[in-house]
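Got a structure here, written out as structure tokens. Questions coming.
The values are calculated or read from the model by the stated rules, or taken from the named source; none is laboratory data. Since we're looking at a predicted model, the values are computed, not measured. Neighbour counts are summed over all protein chains in view; Cβ atoms, including those assigned to glycine, are modelled from backbone coordinates with ideal geometry. All accessible areas refer to the heavy atoms of the entire protein, side chains included, with ligands and DNA or RNA removed. Shrake-Rupley method; radii C 1.70, N 1.55, O 1.52, S 1.80 Å.
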Amino acid sequence: MVTGSAKVKNRNGIHLRLAGELVKAATRFRSHITVAKDSQEVDAKSILGVAGLGAECGAELVFRVTCDDEGEALAFLVDLVDNEFARESN
């Protein structure tokens, strides 16, 4: 299992469309992936779970990834939140 975190930089937070993009990215991997904000942890492959986190700008998301492609999955998801989502708000 590997863990990593990313700070939400998009000024609108993780709204429904971005939650969908995160879920789509997570489903590319075989790994079991969870994402947590504060004490709430959800399946990163669940649109309702990710959207339900209510991750606003500045929130820290913690990813926990378990399986044979865990390193690749973690790096991809952290980069997505840290960089790609931030670019959308510019």
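Mind giving me the FRET efficiency for GLN40 and ASP79? R0 is 22 Å, r the Cβ-Cβ distance, nearest 0.05 is fine.
It comes to 0.45.
Taking only protein heavy atoms and a 1.4 Å probe, what accessible area per residue, in Å², does the chain have with all protein chains in place?
53 Å²
A further question follows. Compute the distance from the alpha-carbon center of region 1-39 to that of region 50-70, in whole Å.
4 Å
Now for a separate question. Under the rule of -39500 (n - 2.57) per DSSP H run of 4 or more residues, summed and divided by the residues of the chain, what mean residue ellipticity at 222 nm is obtained, to the nearest 500 deg cm²/dmol?
Calculated at 222 nm, the ellipticity per residue is -9000 deg cm²/dmol.
Accessible area of the chain with a 1.4 Å probe: how many percent of it is carbon plus sulfur?
50 percent
Mind sorting out which of (1) 4.7; (2) 6.2; (3) 5.7 is the real mean projected area of the Cα convex hull in nm² computed from the coordinates?
Recomputing mean projected area of the Cα convex hull in nm² here picks out (1).
Could I ask something else about it? Report, to the nearest 10°, how far helix 16-26 tilts away from the longest principal axis of the Cα atoms in the chain, using its own Cα long axis and a range of 0 to 90°.
That helix lies at roughly 20 degrees to the long axis.
Still on this structure, please answer the following. Could you state the principal axis extents of the C-alpha atoms in region 1-46, from the largest down, to the nearest angstrom?
30, 22, 15
Hey, can you grab everything whose amide H is under 5 Å from the amide H of ALA55? Only 5+ residues off in sequence or another chain; H modelled, so Pro and N-termini drop out.
Those lying under 5 Å, H to H, from ALA55 are ILE14.
Further, regarding this structure: Using 0.36 nm times the number of residues separating ARG30 and ASP68, minus their current alpha carbon distance, what extension gain do you get?
The ARG30-ASP68 span can extend by a further 12.9 nm.
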